[in-house]
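Any read-out appearing in this document is the output of simple, stated calculations on the displayed coordinates, not a laboratory observation. In this text the structure is predicted, and so the values were computed from the model without any measurement. FYI the Cβ positions are ideal-geometry reconstructions off the backbone, even for glycines, and counts take in every protein chain you see.
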Amino acid sequence: MPTKSANPKSNTTHQAENLPPKPADALRVLHTSDWHIGKRLYQQPRYDEFAQFLTWLIDSINEHAVDVLIVAGDVFDTATPSNKAQELYYQFLGNVAKSCCQHVIITAGNHDSPTFLDAPKDILRALNVQVIGQAADDIFDEILVLRAPTKARTPQAIVLAVPYLRDKDVRKSARFERIGEKENEAAQGIYEHYHTLAAKADELRRALQAEHGNEIPIIATGHLFAAGASISAKDDGMRQETYVGTLGQISAGVFAECLDYVALGHIHAPQKVAGQERIRYCGSPMAMGFGEAKKPKQVLLVDFIARTPHVHALPVPVFQKLASISGDLPHIHAELDALITAGERIYAEIIYTGETLCPELVKLIHEQLDGSNVLALSINNRTQYRHVLGNHALSDGTPMQNLQSLTPTDAFARLLTQKNISDGETSELTTAYQAVLNALQEADEQAE
């Protein structure tokens with residue numbers, strides 16, 4: 001267990017309009033995560049949006065004199081990103097190397113391929129870009145000492161660059177009597193991973209302070225689901241059906257008191273963890289689904305005066321407007337007319353819930369939008385689905401549902417209900433099934 005030291009109290013978050021100038025003696029860190037480059041919206045490519053965000057990010061780094069950029073996981077949306085997604089990523093790294101930013105730290109998330117991110121790490125290091133794609137064989141290789149680009153090489157901060165920790169990274173045993181034992185050991189392994197790093201970093205900080213005389217912060221990264229965290233929306237692409245084990249049982253106690261700031265990724269909604277100013281999710285910089293369309297998006301600027309973090313929220317502009325319209329046909333027509341009149345390019349999701357079937361819904365919507373800047377990415381006739389599915393039922397009388405509306409866990413739960421599995425067995429089988437899903441999604445397709 002690490003030696004605990006008093007953690008300086010951090011200031012309340014400030015919004016960008018109240019963002020003070022960077023103090024002369026401050027280390028300014030920009031915390032971002034969950035870019036998901038390459039993610040589509042109902043199969044609609046969004047490369048222009050990602051390009052605009054990355055351009056905005058470079059401009060913000062220079063405008064706000066950022067010293068350190070931390071990307072806390074999920075750089076890409078898949079383990080096999082497209083050529084265009086890779087191009088945007090490497091163009092950004094080339095541009096940030098020419099900016100005022102002195103250090104870039106990138107850690108992998110659960111959507112990323114650890115080996116893919118790690119492959120060019122030696123080349124990127126020449127650009128002061130440190131990439132940690134997977135848990136290091138020597139855990140202390142995840143401890144980075146950031147130094148000023150001066151002849152004196154004065155230490156500025158210590159970063160515990162921890163990527164998304166997969167079960168294989170933290171579990172010591174391979175066989176378990178019950179699924180719960182596996183999950184408990186995984187959670188304990190994550191706890192030990194962070195506390196081992198924190199103890200070493202605290203020891204290193206004391207040595208550096210004795211040598212150089214300046215107090216420096218310890219910053220940790222993480223890509224995980226902290227207990228009590230709130231998701232952004234049901235359609236934000238976070239794979240809600242796998243919130244088990246390493247994704248759903250991580251308490252704030254994982255982060256030792258000697259850590260001055262914890263830069264987290266994985267949750268798309270910006271928030272504090274356990275009410276602590278020093279443990280933060282910055283959230284995704286773009287809406288990853290229509291459910292997030294009205295949610296504010298931001299990155300975090302963190303000014304360290306010695307060890308004390310002062311957190312400022314920097315809102316991210318909306319690069320592509322989204323609109324979700326739900327109701328009967330007159331309501332949908334009226335809402336679409338308003339969007340057409342506005343003249344802006346808008347992606348729309350349309351959900352029809354009227355009492356009549358309206359079999360020509362798609363034709364009517366396309367006719368209304370013809371020649372406009374509004375693009376309907378999805379037209380969902382809920383009334384027709386209910387009518388068709390209501391005329392069919394499972395053998396136990398349960399109404400059928402559109403398969404697309406079910407998560408894998410939902411479909412499995414319906415199977416257990418149909419088979420009349422007892423409550424006790426249902427709980428155990430569901431946990432085991434979720435563990436299998438999680439293991440499949442953690443597989444690194446790029447590894448050999």
Per the Cauchy relation, a quarter of the hull surface: what is the mean projected area of the convex hull of the alpha carbons in the stretch 80-164, in nm²?
-> 6.1
Rank-order 382-388, 279-285, 77-83 by packing density, defined as the average count of other C-beta atoms within 10 Å over each peptide's residues, highest first.
-> 279-285, 77-83, 382-388
Beta bridges per DSSP with both ends in the stretch 11-315, % antiparallel, nearest 5 = 45
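How large is Rg/Rh for the stretch 11-315, to two decimals, with Cα atoms and a Kirkwood Rh? Before the final figure, lay out each step's value.
Values: Rg = 18.4 Å, Rh = 19.5 Å.
Ratio of gyration radius to Kirkwood radius for the stretch 11-315: 0.94.
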How far is it, in nm, from the label point at Gln52 to the one at Ala252 when both lie 7 Å from their Cα along the line to the Cβ?
-> 3.6
Sorted peptide list for 321-334, 362-375, 94-107, criterion being average Cβ within 10 angstrom, highest first | 94-107, 321-334, 362-375
Within straight-line cross-link reach of Lys168, lysines at Cα separation under 19 Å, skipping those fewer than 8 residues along the same chain = Lys182
Given backbone amide H placed at 1.01 Å from N, residues whose amide H is under 5 Å from that of Ala157, ignoring those fewer than 5 places away on the same chain, are Leu146
Theoretical gain in end-to-end length, Ala24 to Asp59 [0.36 nm per residue, Cα-Cα removed] | 10.6 nm
Tell me, how many Å apart are the Cα centres for the stretch 107-142 and for the stretch 316-357?
-> 42
Rg and Dmax of the stretch 256-338, using alpha carbons, in Å: what are they?
-> 17.9, 60
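For the ranges 133-146, 300-313, 256-269, what's the packing order if you count other beta-carbon atoms within 10 Å of each residue, average per peptide, and put the highest first? Intermediate values should be presented prior to the final figure.
Numbers: 133-146: 16.0, 300-313: 21.0, 256-269: 24.9.
Per-residue mean Cβ counts within 10 Å order the peptides as 256-269, 300-313, 133-146.
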